[in-house]
1. Would you list Arg91, Arg542 from the most to the least accessible area, probe 1.4 Å?
2. Rule-of-thumb check for segment 555-620: C-alpha Rg over 2.2 N^0.38 Å?
3. Each residue of segment 684-690 in order: what ³J(HN,Hα) in whole Hz does its phi give by Karplus 6.51 cos²θ - 1.76 cosθ + 1.60, θ = phi - 60°, with x for Gly and Pro?
4. At a probe size of 1.4 Å, how large is the accessible area of Ser722, to the nearest 10 Å²?
5. What residues qualify as long-range amide H neighbours of Val680, i.e. H under 5 Å apart, gap of 5 or more or another chain, H built at 1.01 Å from N?
6. Could you compute the FRET efficiency for Lys165 and Thr62, with r as their C-beta to C-beta distance and R0 at 56 Å, rounded to 0.05?
7. Apply the Karplus curve 6.51 cos²θ - 1.76 cosθ + 1.60, θ = phi - 60°, to the phi angles in segment 706-723 and return the couplings in whole Hz, x for Gly and Pro.
8. Sorted by accessible area with a 1.4 angstrom probe, largest first, how do Lys582, Lys79 fall?
Amino acid sequence: MNAKFDIRQIWTKYFSSINVAIRAGLGIAIVALFVLNYIFGEPLTFFQRLELQTYDTRLRATMPETIDPRIVIIDIDEKSLEAEGHWPWGRDKMALLVKKLFNDYKTKVVGFDILFPEADTSSGLQKLESLSKNELKSNTEFQEKLAEIRPALDFDARFADEIAKHSVVLAFAAGSNQSNDKSASLELGVLPASTFTSSTFNGKPFFSQAIIGYSGNLKPLQESASATGHILPQIDFDGVLRRVPIFIKYKDGFYESLSTAVYRTYLDNEAIRVKMRDDEGDGIARLDNVQFGNKTKVSIDDDGTALIPYRGGSPMFRYISATDVLQGKLTTGELDGKIALVGTSAQGLFDLRNTPVDRIYPGVETHANMISGYLDNNIKRKPHFEAAIKICMILLIGLILAVALVKLNPIWSTVTVVATAALLIAFNLYWWGQNLILPLAMPLLMIGILYLFNMAYGFFIEARSKRQITGIFGTYVPKELVEEMAKNPANYSTQGESRDMTVLFSDVRNFTSISEGLSATELTAMMNDYLTVMTETIQVQRGTIDKYIGDAIMAFWGAPLKDEKHAEHALLSALAMQKRIKEIGPEYLKRGWPKLEIGVGLNCGIMSVGDMGSTFRRAYTVMGDAVNLAARLEGQTKEYGVGILVSENIVNTVPLVVYRELDRIRVKGKLEPITIFEPVGLKGEIVDQILDEIERFHRALDRYKEQRWDDAEQMLTVLAQSDPQRKVYKVYLQRIANFKIKPPGKNWDGVFVAMTK
């Protein structure tokens, strides 16, 4: 027995069909295109956007959505401006704010998401200094008094002195790296000492966002601060803030971010230690991680940024109005040991950002989220050699699926693809929990494309007949019926034929008056909504929409799909339409639309159905006397004040409904009289009181037909008194009054001739 493993024999047997071989080859080509996209250039913007969206989805799905009690935001809000005066406040007030936060409320660190680049002139000290050097230079008394009050009026010095006593972190803003932006190269105030310089990297270039200008703080304030950090965000190409540069480069120095400076100060000015890596052989220095003593190690992406670990939608931190702090409204020690960030939410001062968790997000909370991530040591990062990992994932998953799917039927293909995608997502989420972000969008997209490609053959070949049926009947009948018809498409066509069917006509009462009271836009919106609701109600009972004629609807049952219970389904649909029109009435009133009332006419019988029309336009519709009668019945509903009128054919076909016989009439255009009925509801659901009223009306109708006018009148008067809203009683009382004056004669057959359509 030769058990030698022959790969060529297995390959030849597996791909014995040329069609299978071609499909597998094209599948492998799809995988190759994904790989080449990584090898020979940057991923396309579309792919980048997908990857960012999958990151956002994972972030939102795993956010704790809880408020972090360790960090508070001191908010210069509208309430504070109203109580303390317009912005900017004097530095004496800012000094008081710092003093209160530390002395009264025991805050551990205060970080300002506010800049102080210019001197405070609100005290008038500069004017007094000018007078002392000029007009009052020789005034000894003035000079002595000025020397006495100068410390109190030097608000910047007071603020600087207060800052120097506590752990206060200031911020500086950075210009862009665009050399053609003149405003970006401005240098206002002074910068802090750099965290490290280029010499730290032994002469190797270090990738970090560089700036050409800044807006810092006054020198006395800067020298008094415990630390200072930049507030420059890193906006992704889609305009969303997901990351911050841990360090930015200005000239030869590198400067830490505000959140980094606040956290380091919180750790009692723990020194930053940076770990470098140079494992790609290109001579470029890259940060591997940043360590804050023995407390936290933060991994850094290759571009020198860190992802913001958003906790949830704003607010995820306690907001405290700045005026409440200034006026001492908090409990002593209430902020004991907490980190406080001073920011603004007042109109015109609000710093808003577009983030993965909210399109309008307070900028100060991005810093708070970053500090919270430092505290929890849960800042995520992309892996080193990300491109290589992506290529391996694409090849491993793609090649297996490209070969396997060509031999699987649609059900097993779906199961395989879903299972593969689920395993990929589970694997990805596991590493997400380890703070490592693996690619997800590209592998999922490739899996989806391979699946769609392999399903396309079955769709285009095996589903051709279903698409033909859908193209013919999809706009007329419910999708459930289209799917049922698609199982045996040869049984259905648009050729004309005679069938026993049921047809329905409905019309909105007083539509002309309604349309005159609405604008064109309102009328269109109302009718679109109304027709949608009615169409859904009809299609639930397997009805086919024939056409819309303004506010009118024409529908039929029994074609193109035969329906043995076409009359029953049509009548149930008519009853449901009346129920739905009452249900949507209150909603229409809320929108400023009128409540609608409709009349519905039903008839069943033999009628012609098929594709009819001219060479220019055709439609699948029904024609015949039975159709015309249904239209006439709908027109008569308003004469009798009822919602639905049906013929005797319907009554004989659908016995499960309680009917009220209304009249025997000769409709316009027909010589033979018909008996018309109002369907009241399903048997067993009608209360005895209604059944008794119907029975009494039928007895009165018998007296009417026998020309016993007095008896009929007496019975109808009692009925009208018990139900004044029912129009049919008034109709017969008026007829009896006329017949008393001008009797119809002995040969009268009880038929009323309808003069309207």
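The values are calculated or read from the model by the stated rules, or taken from the named source; none is laboratory data. These figures come from a predicted structure and were not determined experimentally. Using ideal geometry, Cβ is built from the backbone for each residue, glycine included, and neighbour counts are taken over all protein chains shown. We work out accessible area using only protein heavy atoms, side chains counted, and drop any ligands, DNA or RNA first. Shrake-Rupley method; radii C 1.70, N 1.55, O 1.52, S 1.80 Å.
1. Largest accessible area first, the list is Arg542, Arg91.
2. Dividing the Cα Rg of segment 555-620 by 2.2 N^0.38 Å gives 1.54.
3. Karplus values, whole Hz, x for Gly and Pro: x, 10, 9, 6, 4, 4, 5.
4. 70 Å²
5. It is Val658, Tyr659, Arg660, by chain and number.
6. That gives a FRET efficiency of 0.85.
7. Whole-Hz 3J(HN,Hα) from phi for segment 706-723: 7, 6, 8, 4, 5, 4, 5, 4, 4, 5, 5, 5, 4, 5, 5, 5, 6, 9.
8. Ranked list, largest accessible area first: Lys582, Lys79.
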